[in-house]
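The values are calculated or read from the model by the stated rules, or taken from the named source; none is laboratory data. Owing to the predicted nature of the structure, the values given are computational and were not obtained by experimental measurement. Here the Cβ is made from the backbone with ideal geometry for all residues, glycine too, and neighbour counts use every protein chain on show.
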């Protein structure tokens, strides 16, 4: 029945929304002020698409009735990822994980490689994993994804429960979720992330009841519920398949790239005046022949390992011939010298260069071919060892700082299924200060935009249309910062200058706009079934500088290889007084809005502005200011004080 | 690779800076041949700034030694760096070319 009402309101939202936006585009634009009229209608169109995607999400809301009995012999590794978090916190989580009832092994994945933590693990019988020796300094570490990928290579459980260092699990977390994997296509079960250190008023907007509720349940209905980094169970087989497919894909890509580059490198080497010796020309001929043959073999679909091995062998043989020729010439010179004056050569006659010396002089690091750097570089790239990564198989995606979403999307593209289990089975700690909260939100937004730019869900092979739109919906919401700026600018422009982006605020406007707004709010109420969504709405608008920064930094990172300026979210409260400087753009905008309202009212009083336009825009300003007011509370928030609560879970 | 030379009292010092490999080896031969043709047959190759040498580079050194001997003089090497030293030892060429610590020392005893 709920589903019927939800769908009805979705249909009404779409109809009223399209009716309003179509009218806006076709007959309401004030072309004299196109510079604000067009941005505003574009922002409104953005918002309508956002709402339509939300409507599509809740259209298929899936309310699961719990998992079947899990197989008793399912083996599970529980991974607790940590980098620099407080040891007490990590240990509390690990000991709670140890008490999970279904048989399992508990591992602490310590990216900080702290000896104290290692000692604690030994003391409590916990597994302890740090990066293996392969993760040398010059190779990318891939943060949490790298930490998990490293641990996957040294553990064996069929299933993996991933927990952030602060997420204290319930003892029945596995019993309640493992049964979903009886379906052999299920690769992921995600449970909510809930925070125990957040007051009911939630000043930092930490809880995400809409996301860990209707949104994930809706995505679940489209088989697109995604991995959120913690409180989730993954099937190792699916991850390994992802890693292997990724490995093959990356290897073929890099081999093809190297083969294509080899022609240019050889041509250039030939042209350079440095290479005059016929011997060197001979080696180049041999290298060219080998790469040409390799190209044909790769095109014919021959195994890459064998193809590259053959190239390597042929080139090695050619290089050895070259070294032997050098040595033979040298030996001949020595004979001549000896013939001139024996004594100077030494008592035991002419020294002979041994075969193993020739071998050594032919090895990659001392090879004469090294002089032709571009040729050497191409040959180095012709390997299946993926030498630019610490381990060839990277099961968790490393294309984004939110490896979780990227990984889930790749799983879905390979035909795996996911489950969202709507029951709190772990209790975490949310940031307790605005600085940490902003860092965290920025990171999520950056990661999401990275995935959008690197592997746009709309064009990923293997995803169904519903899945594509579900991933796209999440990414789309992170573009809201740009729309927010326009929503703030429009009333300021009207109240200060009297320029209205709409041709007239007439009956035509209200009769289309008001039904849409009402049905829109109704949709959130029906879909949310009474959960508080206001805090989320406030933050999606108020954090506009964060969203914009995320988009620009992620785009620079993906397109120009610039660093993200990424930081690990600190779990402990940052010290210091209220940090107003963190919300400077919002303060400036709020002051402008308030000033604009005052000026608008003065203009109205002096007859410079009309009443209806002023009223609408002042109401709009008041709404914006109420939205922004949450930031004042966020800056002044002094952290969680559990005293008021009768029972504190954290200490249980 | 950059070459330079300086005529000292009893010898000419050739400096070879960079990587002595397949590409630069023929240039060393040419350079030293020119120095010998210029009248110096006692040559010290200062390898202070030669970080790397491959089989071609080694061949060039021996070739230069031969040229110096043919001109009635000698060729010695000085200030050998670790990788070059390894190559010399590995190929037993350290028995042919003694490595002196500095260029001044190379011809100091004769």
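A few notes on this one:
- Hey, residue A:513 surrounded by 17 or more Cβ atoms within 10 Å (Cβ to Cβ) and outside the structural domain of residue A:399 (by TED's automatic domain parsing) or not: yes
- Residue tally, condition surrounded by fewer than 19 Cβ atoms within 10 Å (Cβ to Cβ) and modelled with pLDDT of 95 or more, over region A:70-82: 1
- Here is the figure for region A:456-485: residues that are surrounded by 21 or more Cβ atoms within 10 Å (Cβ to Cβ) and outside any helix (DSSP H, G or I) total 2.
- Any hit, region A:395-412, residues being surrounded by fewer than 18 Cβ atoms within 10 Å (Cβ to Cβ) and in contact (Cβ under 8 Å) with a residue 24 or more places away in the chain: no
- If you filter region B:87-110 down to residues that are over 13 Å from the mean Cα position of the chain (by Cα) and facing another protein chain (nearest Cβ under 9 Å), you find that the one that is nearest to residue B:41 (Cα to Cα) is B:95.
- When region B:44-55 is filtered for residues that are within 14 Å of chain A (Cβ to nearest Cβ) and either in contact (Cβ under 8 Å) with a residue 40 or more places away in the chain or touching a strand residue (DSSP E or B) at 6+ places or on another chain (Cβ under 8 Å) (or both), the ones remaining, listed by number, are B:50, B:51, B:52, B:53, B:54.
- Of everything in region A:378-393 that is touching a residue at least 24 places away in the same chain (Cβ under 8 Å) and within 14 Å of residue A:364 (Cα to Cα), the residue that is surrounded by the most Cβ atoms within 10 Å (Cβ to Cβ) is A:379.
- The condition (being surrounded by fewer than 14 Cβ atoms within 10 Å (Cβ to Cβ) and not in a loop (DSSP other than H, G, I, E, B)) is satisfied by just one residue among A:333, A:365, A:356, A:316: A:356.
- Count of residues meeting criterion [within 24 Å of residue A:430 (Cβ to Cβ) and surrounded by fewer than 22 Cβ atoms within 10 Å (Cβ to Cβ)] in region A:125-163: 1
- Residue ID - surrounded by the most Cβ atoms within 10 Å (Cβ to Cβ), chosen from residues in region B:36-49 that are at pLDDT 90 or above and in contact with a helix residue (DSSP H, G or I) (Cβ under 9 Å, 6 or more places away or on another chain): B:45
- Residue in region A:322-342 that is within 37 Å of the chain's Cα centre (by Cα) and either more than 9 Å from chain B (Cβ to nearest Cβ) or on the phi > 0 side of the Ramachandran plot (or both) present: no
- Residue check for residue A:511: in a helix (DSSP H, G or I), out of contact with any strand residue (DSSP E or B) (no Cβ under 9 Å at 6 or more places or on another chain) and at pLDDT 95 or above: no
- The lone criterion from (1) in a helix (DSSP H, G or I); (2) in the same structural domain as residue A:396 (by TED's automatic domain parsing); (3) within 30 Å of residue A:394 (Cα to Cα) left unmet by residue A:214 is number (3).
- From the list A:272, A:254, the one residue that fits, being within 14 Å of chain B (Cβ to nearest Cβ) and within 30 Å of residue A:377 (Cα to Cα), is A:272.
Yes or no, residue by residue, for (1) within 21 Å of residue A:328 (Cα to Cα); (2) assigned to a helix (DSSP H, G or I):
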{"site": "B:17", "(1), (2)": "no, no"}
{"site": "B:26", "(1), (2)": "yes, yes"}
{"site": "B:30", "(1), (2)": "yes, yes"}
{"site": "B:34", "(1), (2)": "no, yes"}
{"site": "B:83", "(1), (2)": "no, yes"}
